[in-house]
1. Taking the alpha-carbon centroid of each part, what is the distance from the range 148-206 to the range 49-88 in angstrom?
2. How much accessible surface area, in Å² rounded to 10, belongs to the heavy atoms of TYR145 with a 1.4 Å probe?
3. Out of the total accessible area of the chain (probe 1.4 Å, heavy atoms of protein only), what percent is carbon and sulfur?
4. Given labels modelled 7 Å from the Cα in the Cβ direction, how far is it in nm from ILE155 to LEU260?
5. Taking loop as defined by DSSP and a crowding limit of 16 other beta carbons within 10 Å, which trypsin sites (Lys or Arg not before Pro) in the range 138-193 fit?
6. Roll a 1.4 Å probe over the protein heavy atoms and report the accessible area of SER227 in Å², nearest 10.
7. State the three equivalent ellipsoid semi-axes of the range 196-268, derived from the C-alpha gyration tensor as the square roots of 5 times its eigenvalues, in descending order and whole Å.
8. Given a Förster radius of 41 Å and the C-beta distance between ALA210 and LEU108 as r, what FRET efficiency does 1/(1 + (r/R0)^6) yield to the nearest 0.05?
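The values are calculated or read from the model by the stated rules, or taken from the named source; none is laboratory data. Just so it is clear, the model here is predicted, and its values are computed rather than measured. FYI the Cβ positions are ideal-geometry reconstructions off the backbone, even for glycines, and counts take in every protein chain you see. Areas reflect the complete protein model, heavy atoms only, side chains present, ligands, DNA and RNA absent. Shrake-Rupley method; radii C 1.70, N 1.55, O 1.52, S 1.80 Å.
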Amino acid sequence: MTMKHLVTGATGNIGSLVTHRLIERGFRPCIFVRDEARARALFGDAVDIRVGDLGASQRSLAAAFAGMDTLFLLNSGPGLAARDRATALAAKKAGVSHLVKLSTLDILTSVGTGPWHAQGEAAVQESGLDYTFIRSAGFMSNALYWAEAIKTERILRSSTGEGKIAFIYPADIAEIAVHSMTTRDLRREAVVITGPKALSYAEMADVIGAAIGKRIRYVPISDDEASFGSDAYAEAVTDIWRAIGEGRVTTTTDVVQRILGRAPRSFDQWVAENVTEFAAPGKSRGRRAQS
Ligand SMILES: NC(=O)c1ccc[n+]([C@@H]2O[C@H](COP(=O)([O-])OP(=O)(O)OC[C@H]3O[C@@H](n4cnc5c(N)ncnc54)[C@H](OP(=O)(O)O)[C@@H]3O)[C@@H](O)[C@H]2O)c1
């Protein structure tokens, strides 16, 4: 019998890639979304849709998860551990057998959102469900938040100094998630996945500059100048930038190679595929980073 896969976060960055990869692999995933119209616009008739909110009661979540075998879980922000807990308990009640959670590499150093995800992972483990935790490095797509300043000023400003990080190609995360959902290989495992090479922000500015044929100047700024707010999320992101600057987030692993049988894709490739975001005039996504 065909496995039934449920994807949360399907209208966002990684969840949409997970959904597309499942469709490409011949599945008809079910997606759990807040906005049905947006979901239909993204995936047409290739998915089943269940409308709901991950902050809803455990009972309504369990009803929404009925009939599913695996669940891809994506929660963000300071309240994510409570939503992870409720989702895991609801999934267990609904008969889901395996939960794949998008987590963060920052668990290893207790930086930024790491403590929130650590609590989320613990809650999932306590639920008794089989799990896979995908502890991802920062996403290459975070570079989109530099696009406006690169387009208008040819500058990349950051408080990360000369620190390096091995950003990961977003679709590599999705492929690891799909592998986790469609095989038994990674059950009860936490995998740390990164891009192939740690790069400084100045080096990433050079890669973008080479792709658009312009020199991009890297301008170091202070934590205060980099900060975009005083809420918990903004503080967590500033904390990650500080840790990068201190050389605490340089980890690279061979896990993508080991699991997918090929090397993780490079920042050069991601930039080449997204070059218009940095070169063409028009609306960009602003400077606020994600983590
Ligand atoms: N950025 C990084 O470098 C990085 C690195 C490691 C780990 N992470 C982790 O990756 C995750 C973020 O992934 P992403 O960038 O793919 O996220 P994203 O693009 O911001 O998408 C978030 C998704 O979650 C959905 N969502 C938000 N609140 C919801 C709720 N209450 N109920 C149901 N759905 C809800 C959103 O739906 P709507 O369309 O309805 O808003 C959207 O589909 C976070 O857990 C973060 O800690 C990020």
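1. 26
2. Spelled out: TYR145, probe radius 1.4 Å, area about 40 Å².
3. 48
4. Going from the ILE155 label point to the LEU260 one covers 3.5 nm.
5. On the way: sites: LYS151, ARG154, ARG157, LYS164, ARG184, ARG187, ARG188; in loops: ARG154, ARG184, ARG187, ARG188.
Answer by residue number: ARG154, ARG184, ARG187, ARG188.
6. 50
7. Working: eigenvalues 134, 82, 21 Å².
After scaling each eigenvalue by five and taking roots: 26, 20, 10 Å.
8. On the way: r = 32 Å, r/R0 = 0.77.
Between ALA210 and LEU108 the formula returns 0.85.
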